[in-house]
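K.L.:
First the structure, then my questions, so here it is.
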2 protein chains.
Amino acid sequence: MQRALSATRMVGNRPNFPEWYQNVVREADLAEPSPVRGSMIIKPWGYGVWELMQKDLDRRIKETGHDNCYFPLFIPLSFIAKEAQHVEGFAKEMAVVTHHRLKMIDGKLQPDPEAKLEEPLIVRPTSETIIGDAFSRWIRSHRDLPLLINQWANVVRWEMRTRLFLRTAEFLWQEGHTAHADAEDAMKETLKMLEVYRDFSETVLAMPVIPGEKSANERFPGADNTYSIEAMMQDGKALQAGTSHYLGTHFAEAQNIRFQNDAGELSYCHTTSWGVSTRLIGGVVMTHGDDDGLRLPPAIAPRQVVVVPMLRGKPEDAEVLAFCETLVKRLSEQTAFGERVRALLDTKDIRSAEKRWNWVRRGAPLIVEIGPRDVAGANVTYMRREDLRDGDKVRSHSQGVDAFVANVPAMLSEIQATLYREAKTRLDSNITRDVKNLGELSEYFGAAAADDDDAVEFKGWVRAPWSAPTGAALRDGGN
Amino acid sequence: MQRALSATRMVGNRPNFPEWYQNVVREADLAEPSPVRGSMIIKPWGYGVWELMQKDLDRRIKETGHDNCYFPLFIPLSFIAKEAQHVEGFAKEMAVVTHHRLKMIDGKLQPDPEAKLEEPLIVRPTSETIIGDAFSRWIRSHRDLPLLINQWANVVRWEMRTRLFLRTAEFLWQEGHTAHADAEDAMKETLKMLEVYRDFSETVLAMPVIPGEKSANERFPGADNTYSIEAMMQDGKALQAGTSHYLGTHFAEAQNIRFQNDAGELSYCHTTSWGVSTRLIGGVVMTHGDDDGLRLPPAIAPRQVVVVPMLRGKPEDAEVLAFCETLVKRLSEQTAFGERVRALLDTKDIRSAEKRWNWVRRGAPLIVEIGPRDVAGANVTYMRREDLRDGDKVRSHSQGVDAFVANVPAMLSEIQATLYREAKTRLDSNITRDVKNLGELSEYFGAAAADDDDAVEFKGWVRAPWSAPTGAALRDGGN
C-alpha cells in the first residue's frame, strides 16, 4: 500500500496563488464574501455550477440505492454531549442557538432574556447524531438493513480564517449516512461511495484525484477508517475533495442503533458516512483556472455556448440579432453529455468587448461573436476557452454556421477531455519519484519540509510505502 | 372585485380532521416529528414528493427569467433591527445564535462564555434584509434592472403550536426576490409569480386555488400589497398555499437599493418577494387524502406504478420475479408528463398484502400485484389509487400486459385529471352563495362565525364584494 505525500510550493507561475484564487472567484462572478463573518454569497454563475454538480451526483447517489431525506438544522446540545463522550478530538467550534425571541429593551433590539431556551440548540456541523437517533427508531430487524440515506443540506462550522468555497462557516453539501448488518457490508459501502466520488470528480469535474486512506491523525473523529479523494491544485498542494468514513459501531453504540438478526439476537449496526461540498467548486477553480480567469468543464458550465451579438446601434443590428437567435435555437436542440446544449444569447446592454471578457473570465467553454460580416457569409466566429491564446493573441476560429452547429457537441466533449488531460498530466508529472522509507523521504524533502510552507521550493509529490493504521484488516483494496 | 371568505366546519365526514391529517402524514411515511421541538424529519417518500415539486417549479421560475443564488443562513442582528424600524408588526420569534463554541465546564458541555458573539446572529426567517443588502451593492444603473433572483433554502420561525408540513419551526421553501425600476414593472412581476403559483398548483398538485389579494391586516409586514393563492381543504378551511408581495420602496429605502436612471438621477428600486414551501405537501394531503391514506397526483408521485410480486417461497417465485422485472423495465421506458414513468419493483422481504397496503397508504397512483396466474396468462392485476373501492370492497382490474404497459401514460393523466376535478367540484360546490354587503354576510353566517371555529356548522364559502385596501390603483387584474 502506497500513499502520495504532498510537498508544497508553486507548480505554475503565480507568485501569490491565494490572491490569484480569490481574484478568479470574484472575476468569474462565482461568489462573494457576505456581511456575515465567514459566510459567502453564491452568485448565479457559481450556483449554476453547483446545481449541475448536484444533479449529476444526485443521480449517482440514487442509482447506488440511496434515498434523499431531510433532517433538522438544529441538534439538541444533549446529542452533541453524548457524542463528545464517545468521540475523541471532537470539534467544539459550533454556532449555538440560545434564545428564541428578540425584544426591544432600552431602545435596542436584543435576545429576550425571558425567551432563553432550556436546552441550547447547535446548528448542525454534520448530522451523524440527529440521523443516528432516527436510525435507532427506524431499524428493528435485519430486514430494515442496509438503510441507505442521503441529505443535501447547509452546515455550519465556525472557522477563524475563511476562503470562499474552500473554508467558510456555512457551506452546502450532501451527507450520506448508512447502517449495515456487519463490518464487511459497511466497508463495501464506504469504498463504493469513494469510487462514486472518484468517478464523478474525474468524469464530470475533469479533476483527476488520488483515492486513498487517511492516516489516524487525519481521521474523522469517531471513524475507524477515513478515505478521501485528493486532487493536486496548481500550487502543488493537495485538496481533500471528498471523504468516506467507516464508523464501525461507535455511533451505533452511542445511539443504540441495533437490529435483531436471524437468530433473534440484538446487535449493533455498522455505520458509514460520506460527503462532498461546495468546496469542489474551489477545486475546479484551482485545477482549471488560468491567467484569464476560470475555465469550466462543459459538463458543469451553466452556459456551454454564449453568443455575443456585435451591435453598433445601426439598422443591420436587427439582422445580426435574428441570426443569433436562430443560432441559439439550433444549438439548444443539440445534445451534449446526455442533455440539451445550454446556449445563451447575451443581449445585455453593455459593449460587446466587455461581454466577451465577462464570459472569458467566467469560463464559458465556447464564446461566439457575430457581426454583420458573419451574417453575410453565414459564418460563425468563435473562441474556445480551453485554448484561448496563441502567445499573447486571442485565437479566433471561423466556421460555416451549419458545420459549427453540428460540431458543437464534439467540441464540448473535446474541451472536457482536454481539461482532464492537462490536469492529469500535471498530477502525474509532479509525482516525481518513489522513495523506499522515511529516511529517503526526509533526505529528498530536506529539513525545510517542516518549516513555513510557502518558503519551500516545490519538489513534487512522491510515492512512499505506508504503514497502514489499525483497521487495515477491513480494507479490501481501497487505497 | 370580489373575495372569497372562508367559513369553517367539515365538508367531509371526518369528525377529527387534524387527527386524520396527522395519521395520513404518518401512515403515508411522509414525515415524522423530530426530537428537536417544532422541527420535522422529512422521510424519503415525503422528500421525493418535494423534489418533484421543486423540479417543476424551479423550471417555471427559470423560464420566467430568474437566477438561483444562495445567501447566508445567518443574518446580523443589526439588519433585523434596521428592518424593525421600517416595518410595523414585524415578528420577533426567531432563533438567535449567541455563541460560537462549546466548552466542558464542571463536567457539563455548554456554550463557552468566552466565545460569545459581539453581535448575535439570527437564523433567517426570510431573506429580504440579507438579499436587499446584496442588491444595494449589485445595482448601479437601470441596466442592472430588473434583477431577478430566487433561492431554495431552509428558514426558521419559532412556532408554539406546530403541525407537520403546515407549521414547523424549520421548513424548506423557495423565496424569490426582485428589484425593478418602477412600480408598474414590480407589480407585473408580483402578479406574474402569483400566476406561476396558481398554474403550478392546479396543473402539478391537482389543487384548485383562488388567487387574490389579502386584506391589510394579513399583509406581509412591509408589503404594499400581498397576494396569495388559497385552496379549500377537506375540512372547509382555506390553506394559504403561496404568497407574492409587492414591497413598494420600503425595503429599498431601508437598505439603500438605488439605481441611476437615464437622466443620471438616483431613485429607489421597487422590490418584490414571493414564496412557496413544504407546506404545499400538507395541502396535497388535505386536498387528496381519503380514508385509506394519501392519494398522490401522478405528476408528484415518486413512484407512479409499484409492482408487488406475490411470492410464496415456491419454485414459481422465480418466474413471477422475472415477469415483474420485465414489466418494470417496460414501464420505465414509457413517458408520462414529459418524463420517464417512475416504476418500482417492491422486493422488500415482507408479506405482499402488507406491501399493497403500504403503497395504498402512501398514495402510489397504480399498484400492480403479480401472481403465478398473471404470469401464466400474461396478465396484469392492478388497482387505481384514486378509485380504490367499490363500496367496502377494493376494486381490482385485470388487463393483458401489452395493453397495460401501453395504457399506463393515459391512466396516469386520467388520475391526475380526476383528482383535480374532484377537488375543483368540492371547491365550487362549497362556494354556496353571493352576498351583497356586510349585513348579508353577518346574517348568513350568524354570530357564531366569530366564535370557536370547530363549534360552527360549515356553511360554505361565499362570494362578497370587497373594499380593496390602499394600493388598489396599482393592481391590474390580480384580484
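The values are calculated or read from the model by the stated rules, or taken from the named source; none is laboratory data. Treat the numbers as computed from the prediction; the structure is a model and nothing was measured. Note that we place each Cβ from the backbone using ideal geometry, even for glycine, and neighbour counts take in every protein chain shown.
K.L.:
If you check every pair at least six apart or on different chains, which have Cβ atoms under 6 Å apart with a residue in segment A:26-43 that is more than 9 Å from every other protein chain (Cβ to nearest Cβ) and more than 20 Å from residue B:67 (Cα to Cα) first and a residue that is modelled with pLDDT of 95 or more and assigned to a helix (DSSP H, G or I) second?
P.N.:
From segment A:26-43, no pairs qualify.
K.L.:
Let me ask another. For segment B:132-140, does any single residue satisfy the condition of being within 11 Å of chain A (Cβ to nearest Cβ), more than 30 Å from residue A:150 (Cα to Cα) and in a strand (DSSP E or B)?
P.N.:
No, that holds for no residue.
K.L.:
Determine, yes or no, whether residue A:443 is at pLDDT 85 or above and exposed (fewer than 14 other Cβ atoms within 10 Å of the Cβ).
P.N.:
Working: at pLDDT 85 or above: yes; exposed (fewer than 14 other Cβ atoms within 10 Å of the Cβ): yes.
Considered against the rule, which asks whether it is at pLDDT 85 or above and exposed (fewer than 14 other Cβ atoms within 10 Å of the Cβ), residue A:443 comes out as yes.
K.L.:
So is residue A:91 in contact with a Leu (Cβ under 6 Å, 6 or more places away or on another chain) and either more than 7 Å from chain B (Cβ to nearest Cβ) or not charged (D, E, K, R) (or both) or not? I'd like the intermediate steps shown before the answer.
P.N.:
Values: in contact with a Leu (Cβ under 6 Å, 6 or more places away or on another chain): no; either more than 7 Å from chain B (Cβ to nearest Cβ) or not charged (D, E, K, R) (or both): yes.
For residue A:91, the condition - in contact with a Leu (Cβ under 6 Å, 6 or more places away or on another chain) and either more than 7 Å from chain B (Cβ to nearest Cβ) or not charged (D, E, K, R) (or both) - is not met.
K.L.:
Something else about it: Could you say whether any residue in segment B:299-320 is basic (Lys, Arg) and surrounded by fewer than 20 Cβ atoms within 10 Å (Cβ to Cβ)?
P.N.:
First, pick out the residues of segment B:299-320 that are basic (Lys, Arg): B:303, B:312, B:314.
Those left that are additionally surrounded by fewer than 20 Cβ atoms within 10 Å (Cβ to Cβ): B:312, B:314.
Among the residues of segment B:299-320, at least one is basic (Lys, Arg) and surrounded by fewer than 20 Cβ atoms within 10 Å (Cβ to Cβ), which makes the answer yes.
K.L.:
Would you check which residues across segment A:348-363 are within 14 Å of chain B (Cβ to nearest Cβ) and surrounded by 21 or more Cβ atoms within 10 Å (Cβ to Cβ) and list them?
P.N.:
Within segment A:348-363, A:358, A:362 qualify.
K.L.:
From the residues in segment A:45-57 that are more than 25 Å from residue A:161 (Cα to Cα) and within 9 Å of chain B (Cβ to nearest Cβ), which one is surrounded by the fewest Cβ atoms within 10 Å (Cβ to Cβ)?
P.N.:
Taking segment A:45-57 as the starting set, the residues that turn out to be more than 25 Å from residue A:161 (Cα to Cα) are A:48, A:51-57.
Next, only the ones that are within 9 Å of chain B (Cβ to nearest Cβ) stay: A:48, A:51.
Numbers: A:48: 23, A:51: 15.
So, considering only residues that are more than 25 Å from residue A:161 (Cα to Cα) and within 9 Å of chain B (Cβ to nearest Cβ), the one surrounded by the fewest Cβ atoms within 10 Å (Cβ to Cβ) is A:51.
K.L.:
For segment A:141-157, give me each residue that is among the charged types (D, E, K, R) and either facing chain B (nearest Cβ under 9 Å) or outside any helix (DSSP H, G or I) (or both). Reasoning before the result, please.
P.N.:
Looking only at segment A:141-157, we keep the residues that are among the charged types (D, E, K, R), and these are A:143-144, A:157.
A:143, A:157 - these are the residues of segment A:141-157 that are among the charged types (D, E, K, R) and either facing chain B (nearest Cβ under 9 Å) or outside any helix (DSSP H, G or I) (or both).
K.L.:
OK, next. Suppose we filter segment B:45-61 for residues that are without any contact (Cβ under 8 Å) to a residue 60 or more places away in the chain and either more than 20 Å from residue B:296 (Cβ to Cβ) or not aromatic (Phe, Trp, Tyr) (or both); how many remain?
P.N.:
Within segment B:45-61, the first condition is being without any contact (Cβ under 8 Å) to a residue 60 or more places away in the chain, and the residues that meet it are B:47, B:55, B:59.
Those still in the list that are either more than 20 Å from residue B:296 (Cβ to Cβ) or not aromatic (Phe, Trp, Tyr) (or both) too: B:55, B:59.
Result for segment B:45-61: 2.
K.L.:
Looking only at residues that are under 19 Å from the mean Cα position of the chain (by Cα) and among the small types (Gly, Ala, Ser) in segment B:209-236, which one is nearest to residue B:284 (Cα to Cα)?
P.N.:
So, considering only residues that are under 19 Å from the mean Cα position of the chain (by Cα) and among the small types (Gly, Ala, Ser), the one nearest to residue B:284 (Cα to Cα) is B:231.
K.L.:
Right, something else. Could you name every one of the helices (runs of 4 or more DSSP H) located completely within segment A:278-373 that has at least 2 residues being charged (D, E, K, R)?
P.N.:
Details: elements: A:279-288, A:317-332, A:352-362.
Passing ranges, in order: A:317-332, A:352-362.
K.L.:
Moving to a separate point now. So residue A:3 passes all but one of these: (1) surrounded by 18 or more Cβ atoms within 10 Å (Cβ to Cβ); (2) out of contact with any helix residue (DSSP H, G or I) (no Cβ under 7 Å at 6 or more places or on another chain); (3) at pLDDT 85 or above. Which condition number does it fail?
P.N.:
Condition not satisfied by residue A:3: (3).
K.L.:
Criterion first (at the interface with another protein chain (Cβ under 10 Å from one of its Cβ atoms), in a strand (DSSP E or B) and free of Cβ contacts under 8 Å to residues at least 60 places away in the same chain) does residue A:172 satisfy it? Full working, then the answer.
P.N.:
Values: at the interface with another protein chain (Cβ under 10 Å from one of its Cβ atoms): yes; in a strand (DSSP E or B): yes; free of Cβ contacts under 8 Å to residues at least 60 places away in the same chain: no.
So residue A:172 does not fit the description; no.
Yes/no per residue for (1) closer than 22 Å to residue B:49 by Cα; (2) in contact (Cβ under 8 Å) with a residue 60 or more places away in the chain; (3) of a type outside the set (Gly, Ala, Ser):
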{"site": "B:339", "(1), (2), (3)": "yes, no, yes"}
{"site": "B:342", "(1), (2), (3)": "yes, no, yes"}
{"site": "B:359", "(1), (2), (3)": "yes, no, yes"}
{"site": "B:368", "(1), (2), (3)": "yes, yes, yes"}
{"site": "B:372", "(1), (2), (3)": "no, yes, yes"}
{"site": "B:377", "(1), (2), (3)": "no, no, no"}
{"site": "B:385", "(1), (2), (3)": "yes, yes, yes"}
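K.L.:
Taking the condition of being under 20 Å from residue B:221 (Cα atoms) and either surrounded by fewer than 21 Cβ atoms within 10 Å (Cβ to Cβ) or within 9 Å of chain A (Cβ to nearest Cβ) (or both), how many residues in segment B:97-125 meet it? Step through it out loud before you land on a result.
P.N.:
Initially, segment B:97-125 is screened for residues under 20 Å from residue B:221 (Cα atoms), giving B:122-125.
Applying the additional criterion that residues be either surrounded by fewer than 21 Cβ atoms within 10 Å (Cβ to Cβ) or within 9 Å of chain A (Cβ to nearest Cβ) (or both) yields B:122-123, B:125.
Count: 3.
K.L.:
Suppose we filter segment A:152-181 for residues that are more than 21 Å from residue A:92 (Cβ to Cβ), surrounded by fewer than 22 Cβ atoms within 10 Å (Cβ to Cβ) and of a type in the set (S, T, N, Q); how many remain?
P.N.:
Counting residues in segment A:152-181 that are more than 21 Å from residue A:92 (Cβ to Cβ), surrounded by fewer than 22 Cβ atoms within 10 Å (Cβ to Cβ) and of a type in the set (S, T, N, Q) gives 1.
K.L.:
Right, next: For residues that are modelled with pLDDT under 95, over 29 Å from the mean Cα position of the chain (by Cα), not hydrophobic (A, V, I, L, M, F, W, C) and not in a loop (DSSP other than H, G, I, E, B), tally how many sit in segment A:79-110.
P.N.:
6
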